[in-house]
Amino acid sequence: MRQAFSRSNQRGQVLIMVTVALVLMCGMLGLVVDLGWSYFTRKSAQLAVDSAALAAVKMARNSVPTDIMSCGVNNVSCAATPQDCSAISGGNLQSACIYAASAGFSSSDVMQTVTVQASDDLTSPTVAENCGQGGALVRHPPTAGCVNTFYWVTVRASRRIPQLFSAILGNTEMTSGARATAAVADYVPNATLWALNRQNEVPVVGNGGRGNDIYVWGNSEIHAGGIVLASNSTGAGSLDEAGVVGGTGLVSGDTVIRGEGWVSDPSKFDPPPVNGFADLPIFDDPMRGKGQPPAPTGLPEVAVLNGSLSGGNCSNPPVYAPASYYAVNSSGVATGAPITLGGCAKFSGSAGSFGDFVFFGGLNLGSNTVTFSPGRYFLAGTRTGTILSLPNNAVMQDNTPLTAGGDSVPNTDAGEIFVFTDANYPGLQVPGLLAPVRAALDFGEIYTQSGNKFEMNLHGLNSENGALPNELKTFAPTVFWQDQRNSTVKYNSDGSVDYVTCGSGHSIDNPCTNNDPTVKPGMILQASPKLQLYGLIYQPRGAGIEFQGNAHIRSPLQVVTGSVSLQGGNTLEMQQLSNPLRRRIIALVE
Amino acid sequence: MLHRRSSRAGNSIIEFTLVGIPVIFLLISVFEVSRGMWMYHTLASAVKDGARFAVVHGNDCNLTPSNCAVRIRDISQRIRSYAVGMPPSEIRNVTFTSRTRTVVCATLADCLASGGQGNTFWPAAAPGAAADAGGESMMGWVEVNAQYSFRSAIAMFWPGAGRAQNFGTFVLPASSREVIQY
């Protein structure tokens, strides 16, 4: 009996031990099954919100023709607080919900929550703070610190998971989820020289043939940080190679060429060029999507007798205020003649401001020192064929002097943009008196005196200066802007190349041609060591730039153009800009 | 009766010896392999999360006025918080590779330190400094590698496991490569 009793006692012990062990084992199982499942949920939620946030931003971006995105404008939706997907219908924010749902997260499931939050750069809850770089305010989403964004969408997805094994330990439910923020932000393309012409375009300046992007002759040299050639010409048939370098010419800088495009003599490139690239975004106009710099509005109109603006003592020159300047004769009839300076002069708004100036008929500096304070300068059409003239000893400068050694320094002021166009620029206000001669005010070229007999020291737009109007910020650091209408290639109003409106059979390689007979798309600059442009020279695809003469230009410079030509033994040394051209991109920022 | 009873008792001891040892071996094996796979997947997820964190803080973070560049220790902290149950000192050979720069830490603990490797800015350059020449802006990539030394009790059952072998330690590798987003 005693033995039997003790035996049955032992049996009970096993039961207790197993029971206690079961609780522990369930805990272990709970760890593996429930926690494992929650990790899996978190990973799939991350995947869902990443795609959802990108989709919503891309949808908004597609509906906006320029770089400026504002809540409620052009179908750009915003939500100051996280909004549940069940409350969102239509608009770009619904794209986020659709993408999240297709990835397995939908608010219509009672166990799941998907919320969307969005804002532009100026509307709460976007945080504006100084992050210690550059002094300007950073406008960032509340959940992504110090990323300067212009529009953002944050998507949060979570799932409540009923617990299977860890419920025994008291947890009946667990929430697992993820968050992602996609935004429109700035990006710096890694290049200093873009030659955008493709194999079907003929350079408008220089000796290059059809398909040529860069033509360096004599003992000319280009030194650049990165060179992008969009022509895929190998030189076969009647085409020229994408790059032609002859004589003792040299191209130094990483050169990338689209497709099979090649150069006449790779040994004259340092390092040798690299081709074989697909049609990547880098081969398209980096200004696409921005439109063109908006023309100033509401300016006073100043009729200038015979187009002569009087000058004065160079140490204390007369100051001309922001206005539309145009020439009239003694009877007060507008002539469309160029505005010509009679001595040293200065164009400037009030101190520290950004001035708007329009010159109808072109601008001739004479043999004078003319100072251009920060501002937007429209040179709108000429009857002479020359829109900007720098004759012997002309000095065109701004408020940021060169170093004693003659080098450019970065500007802290808002900088200048010179827009070369005609009198029909979209949005340009033309004085009523000019109406009879408006049709005669065509595109023109830049004339600079050869033989190092001129000086130019200008600085492009500086987006970090508060005086720069918002509408011009995306054009920084442009200093010279050639109207996209002044090209052999037709552009859309959003700044992209048009290959649609001219019928079938056209593509980005073979775009619509611009049939305007008045175009003068070539820009010829005499190489002078005193040619100091700190910023970007922009020309549309189909236009071209040529540097002539024998001099060494060393300047922080970026060039976007159709084709480049260097002749006469000059050296173009393009130094790194501290604040180079930016493009707006869509990216995950958190 | 008594005799037969005690004879049965002896049988069950023999039966238990024959069946129980393999069963316990099997049980511990299943447990240890599962724990190993758990560690392997946790490390893989943690490294992937770290790489994701890096690709949304790429070179464009240096673009004034933005200032969102991160240091190795920030990314390591991210990996650590994901890698539940793995001591940072056991996560070895942590390697952060981009097209232009590579940072290597002997253990994750070194990467988490406020000085040394942990203090390095990656994948972007330090704020205010010029962007890396040809730096890791969009379309660049980053790769994060790590190894976890998994100590398992399983090896004590392995007949072939001699002293020459690192007793019961397995190196679980993890690697994640992602394209820079921003």
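The values are calculated or read from the model by the stated rules, or taken from the named source; none is laboratory data. Model, not experiment: these values are computed from the prediction. Note that each Cβ is placed from the backbone with ideal geometry, even for glycine, and that neighbours are counted across all protein chains shown.
The single condition among (1) out of contact with any helix residue (DSSP H, G or I) (no Cβ under 7 Å at 6 or more places or on another chain); (2) within 14 Å of another protein chain (Cβ to nearest Cβ) that A:Val564 does not satisfy is (2). Residues in the range A:459-489 that are of a type outside the set (Ser, Thr, Tyr), surrounded by fewer than 24 Cβ atoms within 10 Å (Cβ to Cβ) and under 19 Å from A:Pro203 (Cα atoms): A:Arg485 alone. Please identify the pairs in which a residue from the range A:123-152 that is more than 9 Å from chain B (Cβ to nearest Cβ) and among the small types (Gly, Ala, Ser) has its Cβ atom under 8 Å from the Cβ atom of a residue that is surrounded by fewer than 17 Cβ atoms within 10 Å (Cβ to Cβ) and not in a loop (DSSP other than H, G, I, E, B), counting only partners at least 6 apart or on another chain. What qualifies is A:Ser124/A:Ala80; A:Ala128/A:Leu137. On inspection, A:Gly177 fails the criterion of being out of contact with any strand residue (DSSP E or B) (no Cβ under 7 Å at 6 or more places or on another chain) and either under 23 Å from A:Leu47 (Cβ atoms) or surrounded by fewer than 18 Cβ atoms within 10 Å (Cβ to Cβ) (or both).
Scanning the range B:37-73 for residues that are within 8 Å of another protein chain (Cβ to nearest Cβ) and not in a helix (DSSP H, G or I), we see that the one that is modelled with the highest pLDDT is B:Val56. Scanning the range A:470-515 for residues that are in contact with a Lys or Arg (Cβ under 6 Å, 6 or more places away or on another chain) and part of a loop (DSSP other than H, G, I, E, B) returns A:Gly495, A:Ser496, A:Asp498, A:Asp509, A:Cys512, A:Asn514. Reported count of residues in the range A:449-470, each being at pLDDT 90 or above and either away from chain B (no Cβ under 14 Å) or touching a Phe, Trp or Tyr at 6+ places or on another chain (Cβ under 9 Å) (or both), is 11.
When you check B:Gly85 against the structure, is it buried (at least 20 other Cβ atoms within 10 Å of the Cβ), at pLDDT below 90 and within 12 Å of chain A (Cβ to nearest Cβ), yes or no? For B:Gly85, the condition - buried (at least 20 other Cβ atoms within 10 Å of the Cβ), at pLDDT below 90 and within 12 Å of chain A (Cβ to nearest Cβ) - is not met. Just one residue in the set A:Leu588, A:Leu581 is under 22 Å from A:Asp213 (Cβ atoms) and buried (at least 20 other Cβ atoms within 10 Å of the Cβ); that residue is A:Leu581. Of the listed requirements (1) within 11 Å of chain A (Cβ to nearest Cβ); (2) hydroxyl-bearing (Ser, Thr, Tyr); (3) under 21 Å from A:Val147 (Cβ atoms), B:Ser98 misses just one: (1).
The set of residues in the range B:26-36 being facing chain A (nearest Cβ under 10 Å) and of a type outside the set (Ser, Thr, Tyr) consists of B:Phe31, B:Arg35. Residue count for the range A:183-215 satisfying the condition of being more than 14 Å from chain B (Cβ to nearest Cβ), within 16 Å of the chain's Cα centre (by Cα) and not in a strand (DSSP E or B): 1. Looking at this structure, is A:Pro426 over 23 Å from the mean Cα position of the chain (by Cα), assigned to a loop (DSSP other than H, G, I, E, B) and not aliphatic (A, V, I, L, M)? Here the answer is no, as A:Pro426 does not meet what is asked.
Applying the criterion of being surrounded by fewer than 24 Cβ atoms within 10 Å (Cβ to Cβ) and part of a loop (DSSP other than H, G, I, E, B) to the residues of the range A:374-393, the residue that is nearest to the chain's Cα centre (by Cα) is A:Gly385.
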